[in-house]
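Below: one structure, written as structure tokens.
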Amino acid sequence: MSRRGFDLRERPWVPVPEGSRRTRVGLRELLVRAHELTDVDVPLAPAAAGLWRFLYLLAARVTGLDDAELEVAEFDRRRGEVLEEGRFDGAEVDAYFERYADRFDLFDVARPWLQDPRLVEECPSTSGINRLIVGRPAGNNQVWFDHHTEVEPAPVPAAEAAWHLIAALYYGPSGRCTTRKIGPLSEGNTTAGPLRGGLSCHPVGRTVFDSLVAGIPFPDAGDSYRDRAVDLAPWELPELPDPRRGPVPVKGMARELAGRFQHAVLLTPDKTGEYVVDATLTWAWREKSPSAKDQYLIYQTSKKGDVYPRPASVTRAMWRDLDALLMHDVGEDSRSRPLVFDAVKYLPAEFVEQLRVRVFGFDQDGQTRDKRFFTRMTPSVLRWLEERDPQFVRGISSTRQAAERVGSALVYALRCAWVQQADPDDDGVRQPRPDKEIGPWVAAAEGRYWPQAERVFWKTLDDAARQTSPTRFDSAPDAFAKVARDVYDDIADQVDSQEHWRMTRALARNRYRVRAV
């Protein structure tokens, strides 16, 4: 083991809330005390999304819920026994970590955790610490998130570097990367990480133990889960994989949760092992990892029939995808819920009643543009899974769709008004061209409409939950329309009718478009 080691099993690097304060724990303490801890509080959303996947796998390993031979009924029975036990077995946790004692060191010479030590020899240069840290500018990129520069890159505490390592593996960009040379093969580009740009959705219980048990996915009943020999996480592999052979098939829970990385990374610590001062990011394979659905992503289907993860958008509130968390097929874009919720539906009713959903998103393109990451939490909504209350979830979907239609009508009315006020020969009928002639009113209207629509949405659900009438959701469209008309009128009232009479006239002519559709 390296003298500069940072043992993630024992060193405190995972933030957790304890009462009114936040502290940090190592992986062993996190699992042993999971029934006492209420949450994991990593502030970096893309790192949190990846860390939870590792924790699900560790929880499955120490409970036997990773058994490739378990059928669905057997898995469900075993999971019920785990819930009754109410905690992870400390002896099983210790045995697992002892089995891979040298694989959880962030700076181990031979097998640093989730890294490839061969990059020291295979990469002629490093990438720089700024390439690793989410939000820092690297190379010629502009400064968006902070004021770090390439001239004087600041070291990063080892604990936080571990977060950014996880984020880079799951959300790393495609395109140009540090050149890696293996024999005659020399390449300097890679494909995107497996979660890049997606929405990662996770069940959340009263404790970390509850959240982990609820988040362990079903073993697939098909042949893909039968070969235990290939169901290994990166730190469980007996040898480092050969990058020239290409990624192995996604077979088993470990491969699915922690085996689809496209990047190879190596951290450089300082002399004390307490900080990371440099990093190398390059390609892991020359071929893209075989396609496989991630258990925690919402998927949708394009008009061409292509299935792809629903992209994260920092401007879109989570309630607008609530039905996509609960239904197998929403209908619009054929959106379907995360597969992990297929396992949640079989949990005891009293347990599911208190489950919330946390969503980690990173609004980014496929290459280098990162807008913003975010974390959002729903109320206890998994009690409304389609199998448990199909009538109610259809009401949720119809209410959400009503809000979308009214929101679209509001935007279209303002666009029409903007086009008409700019036309000297305005006859009151000209309409805007698609995706053009937006005007300045739309952004202001959406910024006001959607927060108010969200309040109407949740009030509708709260009221409907206390009723049994089949018409309990029917009032929602008119309520959304009233919100939209108020927003429209507020915008119209801010226009000086004397100085901008054409605007006033155009807004008045198009107000009728703002209605429940």
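The values are calculated or read from the model by the stated rules, or taken from the named source; none is laboratory data. This is a predicted model, so every value here is computed, not measured. Quick reminder, even Gly has a Cβ in these numbers, built from the backbone with ideal geometry, and neighbours come from all protein chains shown. Please note that ligands, DNA and RNA were not included when accessible areas were found on the heavy atoms of the full protein model with its side chains. Shrake-Rupley method; radii C 1.70, N 1.55, O 1.52, S 1.80 Å.
Residues that are closer than 18 Å to Pro241 by Cβ: find the helices (runs of 4 or more DSSP H) completely inside segment 57-125 holding 2 or more of those.
119-122
Give the number of residues within segment 312-332 that are part of a helix (DSSP H, G or I) and in contact (Cβ under 8 Å) with a residue 40 or more places away in the chain.
Total meeting the criteria: 9.
Tell me the helices (runs of 4 or more DSSP H) entirely within segment 333-442 that contain at least 2 residues that are out of contact with any Pro (no Cβ under 7 Å at 6 or more places or on another chain), of a type in the set (S, T, N, Q) and surrounded by 14 or more Cβ atoms within 10 Å (Cβ to Cβ).
Hits in segment 333-442: 390-421.
Is it the case that segment 288-307 has a residue that's polar (S, T, N, Q), more than 27 Å from Tyr56 (Cβ to Cβ), modelled with pLDDT under 95 and out of contact with any Ser or Thr (no Cβ under 6 Å at 6 or more places or on another chain)?
yes
Please state which of the following conditions Ala68 fails to meet, knowing it meets all the rest: (1) at negative phi; (2) surrounded by 13 or more Cβ atoms within 10 Å (Cβ to Cβ); (3) of a type outside the set (D, E, K, R); (4) at pLDDT 90 or above.
So the condition that Ala68 fails would be (4).
Somewhere in segment 204-221, is a residue open to solvent by 40 Å² or more (accessible area, probe 1.4 Å) and at pLDDT 95 or above?
yes
Which members of segment 42-80 meet the condition of being free of Cβ contacts under 8 Å to residues at least 60 places away in the same chain, out of contact with any Phe, Trp or Tyr (no Cβ under 6 Å at 6 or more places or on another chain), under 30 Å from Arg24 (Cα atoms) and charged (D, E, K, R)?
none
Within the bounds of segment 81-91, is there any residue that is touching a Pro at 6+ places or on another chain (Cβ under 9 Å) and without any contact (Cβ under 8 Å) to a residue 40 or more places away in the chain?
Within segment 81-91 (the criterion being touching a Pro at 6+ places or on another chain (Cβ under 9 Å) and without any contact (Cβ under 8 Å) to a residue 40 or more places away in the chain), the answer is no, since none of the residues qualifies.
Would you say Gln498 is under 24 Å from Cys416 (Cβ atoms) and in a loop (DSSP other than H, G, I, E, B)?
yes
So which of Arg502, Arg466 ends up being free of Cβ contacts under 8 Å to residues at least 12 places away in the same chain, basic (Lys, Arg) and open to solvent by 80 Å² or more (accessible area, probe 1.4 Å)?
Arg466
Quickly run through segment 484-499 and pick out the residues that are free of Cβ contacts under 8 Å to residues at least 40 places away in the same chain and surrounded by 12 or more Cβ atoms within 10 Å (Cβ to Cβ).
Within segment 484-499, Arg485, Asp486, Asp489, Ala492, Val495, Ser497 qualify.
Within segment 378-434, can you find the residues that are touching a residue at least 60 places away in the same chain (Cβ under 8 Å), hydroxyl-bearing (Ser, Thr, Tyr) and in contact with a strand residue (DSSP E or B) (Cβ under 8 Å, 6 or more places away or on another chain)?
Once the filter is applied, which keeps residues that are touching a residue at least 60 places away in the same chain (Cβ under 8 Å), hydroxyl-bearing (Ser, Thr, Tyr) and in contact with a strand residue (DSSP E or B) (Cβ under 8 Å, 6 or more places away or on another chain), segment 378-434 yields only Thr378.
Out of segment 290-313, which residues are closer than 21 Å to Pro46 by Cα and open to solvent by 40 Å² or more (accessible area, probe 1.4 Å)?
The answer is Ser291, Lys293, Tyr308, Pro309, Pro311.
With the checklist (1) within 30 Å of Arg136 (Cα to Cα); (2) touching a residue at least 24 places away in the same chain (Cβ under 8 Å) in hand, flag the one item Arg369 doesn't pass.
Only one criterion in (1) within 30 Å of Arg136 (Cα to Cα); (2) touching a residue at least 24 places away in the same chain (Cβ under 8 Å) is unmet by Arg369, namely (2).
Scan segment 20-36 and tell me whether some residue there is of a type outside the set (Val, Ile, Thr), on the phi > 0 side of the Ramachandran plot and outside any strand (DSSP E or B).
Checked against the condition, which is being of a type outside the set (Val, Ile, Thr), on the phi > 0 side of the Ramachandran plot and outside any strand (DSSP E or B), segment 20-36 yields no hits at all.
How many of the residues making up segment 19-64 are within 30 Å of Ala312 (Cβ to Cβ) and open to solvent by 40 Å² or more (accessible area, probe 1.4 Å)?
Residues in segment 19-64 being within 30 Å of Ala312 (Cβ to Cβ) and open to solvent by 40 Å² or more (accessible area, probe 1.4 Å): 5 in total.
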